[in-house]
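The values are calculated or read from the model by the stated rules, or taken from the named source; none is laboratory data. Treat the numbers as computed from the prediction; the structure is a model and nothing was measured. Cβ sites come from the backbone with ideal geometry, for glycine too, and all protein chains shown count toward neighbours.
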Amino acid sequence: MSAAFPTFTIEGYPRVGANRELKKALESFWSGRIDEATFVSSAHSIRLENYARLRDLGLDQDYSIPADVALYDQVLETAVTVGLIGGDAADIDLTEYFALARGNSERAPLEMTKWFDTNYHYLVPEVSDDTVITPRPQRIIDIVNEAKAAGHVVRPFLVGPVTLLALSKPTEDAAADFSPLARLEDLIAAYQTVLAALAEAGVEWVQLAEPALVADLTIANDEHLAADASFAYRAILAEENRPQVLVTSPYGSLRQGLDALVSANPEALQVDLAPVTLANDPTYVSRVAAAVEGTDITLAAGVIDGRNIWAADLRERLGVLETLKEAGVDKLSVTTSVSLQHVPHSVAVETALPVDVAGWLSFADEKITEAKALAAALDGGAVAAADAFARSDRAVRTRSESARTHNQAVQDRVAALPDGQVARQPEFAGRVEAQKALGLPQLPTTTIGSFPQTPEIRKARADHRNGNLTDEQYTQALKDEVKSVIDLQERLGIDVLVHGEPERNDMVQYFAELLDGFVTTEHGWVQSYGSRCTRPSIVVGDVSRPAPMTVEWAKYAQSLSDKHVKGMLTGPVTILAWSFTRDDVPKSVSADQIGVALADEVADLEAAGIDIIQIDEPALRELLPLRAEDRPAYLDWAVRSFRLVSLDAKPETQIHTHLCYSEFGQIIDAVAALDADVTSIEAARSRMELLADLDESFHSEIGPGIWDIHSPRVPDVAELTELIKAALVNVPTDRLWVNPDCGLKTRGYAETEQSLRNMVLARDLVVESL
Ligand code: GLN
Ligand code: ZN
């Protein structure tokens, strides 16, 4: 008799540890401060501590704890386990593993890219017809046994075969028309081998994640992916020697994939039923019920939203579960919509949050309590669930009534804005005329904003936070830094200067701290990639700007130079993309509010004598909805919010924007629609390829980055000259700018100075040759 699926579970849990223990262990190991044995033993303890914590939170049924462990990335981990990476090697040791993730002197790391529409980055496997697939089941069996030895019966986790290939890319030498999905059949055999080994090891449940089935990907459309899933799961499930299989479909609603998966008949199927998913796809609950009803499948209903940080409305969520039950779904389990890896560990450690706000939040641990309460309530255990329901009721009530969430003045101001798209006047051509007064040279040089964040600045920031530097001393340290950044740019002969952003640790958190309507956490770390974590701010309510935020810095920097200094703002979309957002209003509402708040900043910068202002939108691509049909509406409000910021700027004020993280193809029209006067864009790694796609609708001046700042390598003058010339093939001379790919915050001064010097020299050479 095989184990039943647990009555409640979660899709995954943060891996870095409550105090970022894994981050610290990884970085100590990489820098040689600890040896491999010490690292291995820390990683082991972190996993076991997480299991113990999950059990204490109520995940005490067999297989209710997902073992979604990975030292660097879940995609890398699965790819190594099923053998899509690593050739015919019997095992991949730690040195090799981290070389794949981070590169070494011989090889570049695997490319890293965003995991669906989240802030998590995964490593992209490279596949060709020649890829040798060597399954390495022992890796995952070791994880299971390690847990078992500590008394935990965990559920091993793998990214599923369709998603793994859909997220892979062809190797450079693969045939031009090769698609990684062509290797599906071979890969299925590897999954069968791994599953058979798990069964031999006594494992009764395994989890295979197939989020590709909720997205419109360029590699294959919905129908194609659904057909692949049907093929893959019929084959995998036809094997007798395997654990029971939970297939998951986080990050949105299944379309054709729903029937494909149900008809393959896995023992359990997880679906994302988070409020936002149901708002985007209102018939999803009934479609899921109709598909699953009458089958033997356990439906793991992902009713607890794993993406945001708000306490769930448990009564409303229980309603969704009851609807499923009434529709005939008999085997029902409660789970999260996605892995909890996207939210911080626990609200309980946030002692500095306003108490009312703390009561409105649920991070990973609180969400587990919510899932547990729902499972109990569904089973008639109202008493066991009473505390959780009381907290939920209180959160729902006090949040909707709170003055912290509702600011009438902000709502009135936004309500008075015109509907639909807004446009700055005069149009671009008229502004170009007005901006001639700026007196810029041919092919003007500039940088993207930040200059290296030196250990001295970080130390000053920490000292200031700890009270070892007074406000005056800290401000003075930052001013000294601004002065030295201005002096350096003057010496290098750059045309449009920046102040260097030393006062900003994080370009979103900086604004979040100065705007009303946000809160920030002390410990709310979330893994971004590998050992890197970010601490997103939280939009709690209507957003407004109590006072100017950047004006003093811009003014001070401008006072040090006769050249133009750019004012530097982060745009509304990026602020929202890198924060946790409200669930009580659409993102577009917050975007409008941030847009007008930043418009006030633009006016104040102009009044302070700043005549070039950059509004960064590096995350414009990132929030692009996974489903194609949802994209136009998103791009509409995203563009509108940017345009609100610059709407009333004077014609002679030059508005710049900056975008990075490549893959602009899909959104290039929206980038044009931002209607900035100058657009700087990441392009060095793709050798200016994107410029060939620009048509006449892209009127803005453009600065394709010619120095890839992601690596410490100093580009030489010849190489930079060539890139500028390559850009001039597609961009007229009077519209081209010369700049690096992105901000220089993570670079050192040595390579920054040399690279910028070469950049100015290259520009001079090209101008001479015109
Ligand atoms: N102005 C920012 C900087 O230079 C832009 C950062 C970004 O694009 N990610 O740091
Ligand atoms: Zn950038």
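In the list Ser697, Ser641, Ser686, Ser646, which residue meets the criterion of being polar (S, T, N, Q) and within 15 Å of ligand 2 (Cβ to nearest atom)? Of Ser697, Ser641, Ser686, Ser646, the one residue that is polar (S, T, N, Q) and within 15 Å of ligand 2 (Cβ to nearest atom) is Ser686. Quick one: is His710 at pLDDT below 95 and either within 16 Å of ligand 1 (Cβ to nearest atom) or within 22 Å of Met507 (Cβ to Cβ) (or both)? Here the answer is yes, as His710 does meet what is asked.
For region 695-745, what are the residues that are of a type in the set (A, V, I, L, M, F, W, C) and surrounded by fewer than 20 Cβ atoms within 10 Å (Cβ to Cβ)?
Phe698, Val714, Val717, Ala718, Ala726, Leu728, Val729
The test for being of a type outside the set (A, V, I, L, M, F, W, C) and more than 16 Å from ligand 1 (Cβ to nearest atom) does not hold for Pro740.
Which count do you get for residues in region 8-28 that are touching a residue at least 40 places away in the same chain (Cβ under 8 Å) and hydroxyl-bearing (Ser, Thr, Tyr)? Summing the residues that are touching a residue at least 40 places away in the same chain (Cβ under 8 Å) and hydroxyl-bearing (Ser, Thr, Tyr) in region 8-28 gives 2.
In summary, Leu691 fulfils each of the numbered conditions (1) more than 16 Å from ligand 1 (Cβ to nearest atom); (2) modelled with pLDDT under 85 with the single exception of condition (2). Scanning region 454-461 for residues that are modelled with pLDDT of 95 or more and either in contact with a Lys or Arg (Cβ under 8 Å, 6 or more places away or on another chain) or farther than 28 Å from Ser484 by Cα (or both) turns up nothing. The set of residues in region 58-69 being of a type in the set (Gly, Ala, Ser) and buried (at least 20 other Cβ atoms within 10 Å of the Cβ) consists of Ser64, Ala67.
When we screen Glu481, Glu503, Glu522, Glu513 for residues that are within 30 Å of Ala762 (Cβ to Cβ), of a type in the set (D, E, K, R) and in contact (Cβ under 8 Å) with a residue 24 or more places away in the chain, the only hit is Glu481.
Taken together, the criteria place Arg397 among residues that are away from ligand 2 (no atom under 16 Å from the Cβ) and either within 30 Å of Asp365 (Cβ to Cβ) or not basic (Lys, Arg) (or both). Which one is nearest to Ala591 (Cα to Cα), of the residues in region 614-638 that are in contact (Cβ under 8 Å) with a residue 60 or more places away in the chain and within 16 Å of ligand 2 (Cβ to nearest atom)? In this case the residue turns out to be Leu623. I'm checking my understanding of the structure. Among residues of region 615-635 that are crowded, with 24+ Cβ neighbours inside 10 Å and outside any loop (DSSP other than H, G, I, E, B), which one is farthest from ligand 1 (Cβ to nearest atom)? Ranking the qualifying residues of region 615-635, first place goes to Ile615. Across region 431-465, the qualifying residues are those that are farther than 27 Å from Asp764 by Cα and surrounded by 18 or more Cβ atoms within 10 Å (Cβ to Cβ), and the one among them that is nearest to ligand 2 (Cβ to nearest atom) is Gln453. Here Val320 meets each of (1) crowded, with 24+ Cβ neighbours inside 10 Å; (2) part of a helix (DSSP H, G or I) with one exception, condition (1). No other residue among Ala603, Ala638, Ala599 is part of a helix (DSSP H, G or I), crowded, with 24+ Cβ neighbours inside 10 Å and away from ligand 1 (no atom under 15 Å from the Cβ) apart from Ala638.
Sort out which residues of region 257-290 are touching a helix residue (DSSP H, G or I) at 6+ places or on another chain (Cβ under 9 Å), polar (S, T, N, Q) and outside any helix (DSSP H, G or I), and write them in order of number. Passing the criteria: only Asn265. For region 541-579, filtered to residues that are acidic (Asp, Glu) and closer than 26 Å to Phe518 by Cα, the residue that is farthest from the chain's Cα centre (by Cα) is Glu552.
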